[in-house]
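Before any comments, here is the structure.
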Amino acid sequence: MNQHTALLDVRDLVVRYGAVTAVDHVSFTVDAGETLALNGPSGCGKSSTVAAVLQLRRPENGSVRFEGRELTTLSERELRPLRPRMQPVFQDPYGSLSPRHRIRDAVAEPLRVQGRWDAAGPARVAALLDRVGLDPAYGDRFPHELSGGQCQRAGIARALASEPRLLVLDEPVSALDPSVRAGVLNLLADLQDDLGLAYLFICHDRAVVRHFADRAVEMRGGRLVPA
Amino acid sequence: MPDAPLAPRTPPSASPPPSPRAPAAPGALLSVRDLRVAFGALEVVRGLSFDVRPREVLALVGESGAGKSLTARALLGMLPRGTTTSGSVRLRDAPGSYAELVGATRPALAALRGRRIALVPQDALSALSPVHPVGDQLAAAVRSVDGVSRSQARARAVAALDRVGIPDAARRARAYPHEYSGGMRQRAVIAMATINEPDVVVADEPTTALDADLRDQVLRVLGEQREAVGAALVLVTHDLGVVRGHTDRVLVMYAGRQVEQGPTRRVLDRPRAPYTAGLLASLPPADSEDGEDGPAGGAPRPGGSGRRRRLPALPGTPPVPDALPPGCAFAPRCPLAEDRCRREEPGPWTVGDGHEVSCHRWDDVPYPATELFLERPA
Ligand SMILES: Nc1ncnc2c1ncn2[C@@H]1O[C@H](COP(=O)(O)OP(=O)(O)OP(=O)(O)O)[C@@H](O)[C@H]1O
Ligand SMILES: Nc1ncnc2c1ncn2[C@@H]1O[C@H](COP(=O)(O)OP(=O)(O)OP(=O)(O)O)[C@@H](O)[C@H]1O
Ligand code: SF4
Ligand SMILES: [Mg+2]
Ligand SMILES: [Mg+2]
């Protein structure tokens, strides 16, 4: 029964900011093809948890295994080839994208970095923008020339460009109106069905969580609590 | 499904052509006429008119990219470089007397901002300086308006943070924005915009990072001000629960234009514009109070491995401002579109008490309107 390895296995994660413990021995797993919702009130440690999962902030304690490999002991250089496989979409829509790069280049970058850029590249970028409901004409713009929701979708397109196994989605649809949001959630569901993507999903809207997630864990004051 | 009042079957009356000089509605605190915002030759806000009265909350909803944030910023003359604004935005400064904000000088606008009209921008981070503690920034906002002492300003800053539910506000006031969580930052910006009790607060997606409880607390804080000083609120939001629960009137935008405006209940219960119906149809099934068996309650989704239902989303993508179709901008995605729609821009027409619609076929929109967008088996 316990033979299978989870795609993501987080154990006893601890994040401290000075004297403040923001994440206090948190453990959970996410399987391939599964959506785990991370719920909890504002300030309970959700964004801190995902930053530590992604090794964007090294946790003070605990283990993060991704595809069976322990990440916390890897150097930044050793992490680099793994990063495309676990992509974040950040809470702040403008935070996912560099202000100095056009949208087209931001979405193309993962393809370039991974050596997958070829003659079909521009069409791939256009198709990704189209799938998140952004007319490819927006590719010419800089992030500050987009609306909040357009920027959020560009961030999702960029995260998808590197063909990840795990997407860490921190309020990925909060800046979207209901109809565009429905389109993005349907897209994420389709990708999960087709490619077995896994999602670690933070969203304060309970109706969306209920619709979208397979399982949920609940955080309070840095700890997991029984739901 | 609540009982929706049926709209009277009277023929719609064409509204008078919007003119920048059309008078403000009696008693309006903020009066907007034919507001337009353009980047060069490209118009992205295309002629909005509305009034907001004291204690009233107007919701601005619509498609991502429809022009809500630019409208919100235009109300305070805070648009990015390279934009031109036309039309009229008038703010009441005495009974019967209004200050025109479109074309006002920088010093004139600066004198009004914060004290008379304030913005909660969509991008909370941009509203806060990264190099000063949050409490200092709030206290500076107080001192810039009221010549109060440093310690009084400081106390007001802490009280304002406390009101929006920042725990341990006195200590948190000394922290920097990056030490706040996303939802805390959003609340700090709301505290800052409201700290001088402006007459009109324009809040652009102020609760996107907040759960239902905090959201209601924050909206209550904004509401207390309305009661206390007769202020008004213009609320840009994607959250139709907020629209229903916290607003009096709603203006629905698509591609820079108003498609529908009216009393909130009326518009949500009996929408007359297909786009409004599409928004309502796209909502995930309503939250149940008991938390029953959904994943939010911890248990697996009922049906086990059965894949989730798809949400009904509007077909197609929103138009790009420089490639708008002729006639009704929604026509390429509208299930009711007919030839006329692709030729003539519709309305606005008044279809009932304070209810305006811009749709040639508003009378053919079914009840419940969401039926227009249900996925039908082929
Ligand atoms: N860089 C930092 N320095 C100090 N404290 C921080 C820092 N980042 C976060 N915190 C604190 O850690 C706690 C958890 O923050 P976190 O951002 O993880 O919350 P969250 O659950 O994502 O909240 P929200 O839903 O509001 O985004 C908060 O009390 C926050 O103030
Ligand atoms: N600086 C800019 N330069 C060019 N176009 C811009 C600029 N800022 C916004 N736009 C465009 O103007 C239109 C309206 O933008 P706005 O930010 O008002 O949308 P919004 O309704 O607030 O959308 P959202 O719900 O996604 O925040 C969008 O198509 C956007 O791409
Ligand atoms: S005017 Fe025509 S195309 Fe536009 S919303 Fe109405 S029916 Fe649809
Ligand atoms: Mg967060
Ligand atoms: Mg906006």
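What the table shows:
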| read-out | value |
| --- | --- |
| Accessible-area value, B:ASP168, 1.4 Å probe, nucleic acids and ligands omitted, Å² | 90 |
| Alpha-carbon gyration tensor eigenvalues x 5, square-rooted, for region B:100-174, Å | 25, 15, 11 |
| Using a Förster distance of 51 Å, the FRET efficiency for A:VAL14-B:ARG340 (Cβ separation, nearest 0.05) | 0.20 |
| Taking the C-alpha atoms of chain B, convex hull volume expressed per residue in Å³ | 170 |
| Normalised convex hull volume, chain A, alpha-carbon set, Å³ per residue | 135 |
| Estimated [θ] at 222 nm from DSSP helical runs (n ≥ 4, -39500 (n - 2.57)) normalised by residues in chain B, nearest 500 | -7500 deg cm²/dmol |
| Residue-averaged 222 nm ellipticity for chain A, from DSSP H runs of 4+ at -39500 (n - 2.57), nearest 500 | -9500 deg cm²/dmol |
| Rounded to the nearest 20 debye, dipole of the protein assembly as shown from Cβ charges on Lys, Arg, Asp, Glu | 1340 |
| Estimated inter-spin distance, A:LEU74 and B:PHE39, nm [label 7 Å along Cα→Cβ] | 3.8 |
| Under 12 Å, Cβ to Cβ, from A:VAL168 - net charge with Lys/Arg +1 and Asp/Glu -1 | +2 |
| Where the Cα pairs of region B:56-134 fall when distances are cut into 5 Å bins, in % | 3, 12, 20, 24, 20, 12, 7, 2, 0 |
| Where region B:77-142 is the region considered: accessible area per residue in Å², 1.4 Å probe | 50 |
| Rounded to 10°, Cα long-axis angle of helix B:150-163 versus longest principal axis of chain B | 30 |
| Heavy-atom accessible area order for A:MET86, B:MET78, largest first, 1.4 Å probe | B:MET78, A:MET86 |
| Accessible area of region A:1-145 belonging to carbon and sulfur atoms, whole % at 1.4 Å probe | 51 |
| Accessible area in square angstrom per residue, chain A, 1.4 angstrom probe | 40 |
| Calculated P(r) tail over 38 Å for the protein assembly as shown, as whole % of Cα pairs | 32 |
| Solvent accessible area, Å² - A:LEU97, 1.4 Å probe, full protein context | 10 |
| Sequence-distant residues sharing a close amide H with B:GLY62 (under 5 Å, placed H) | B:MET253 |
| Within 10 Å of each Cβ in B:172-185, the average number of Cβ atoms from other chains | 3 |
| Burial ranking of peptide ranges A:145-158, A:12-25 (average Cβ count within 10 Å, highest at the top) | A:145-158, A:12-25 |
| Accessible-area ranking of A:ARG65, A:ARG210, largest first, probe 1.4 Å | A:ARG65, A:ARG210 |
| In degrees, nearest ten, helix B:182-194 long axis to first principal axis of chain B (Cα) | 70 |
| Per-residue average of Cβ from other chains inside 10 Å of B:209-217 | 4 |
| Using alpha-carbon coordinates, inclination of helix B:134-145 to the longest axis of chain B, degrees | 90 |
| Net charge contributed by nearby residues that have their C-beta within less than 10 Å of A:VAL132 (K/R +1, D/E -1) | +2 |
| Area hidden from solvent between A and B (accessible, protein heavy atoms only, 1.4 Å, total, Å²) | 3900 |
| Cβ-defined net charge surrounding B:ARG143, 14 Å radius [Lys, Arg +1; Asp, Glu -1] | +2 |
| Integer Hz, Karplus 6.51/-1.76/1.60 couplings in order for region A:156-163, x for Gly and Pro | 5, 4, 5, 5, 6, 4, 8, 6 |
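The values are calculated or read from the model by the stated rules, or taken from the named source; none is laboratory data. Since the structure is predicted, the reported quantities are computational estimates derived from the model, not experimental observations. Note: ideal-geometry Cβ built from the backbone for every residue, glycine included; neighbour counts use all protein chains shown. Accessible surface areas use protein heavy atoms only, side chains included; no ligands, DNA or RNA. Shrake-Rupley method; radii C 1.70, N 1.55, O 1.52, S 1.80 Å.
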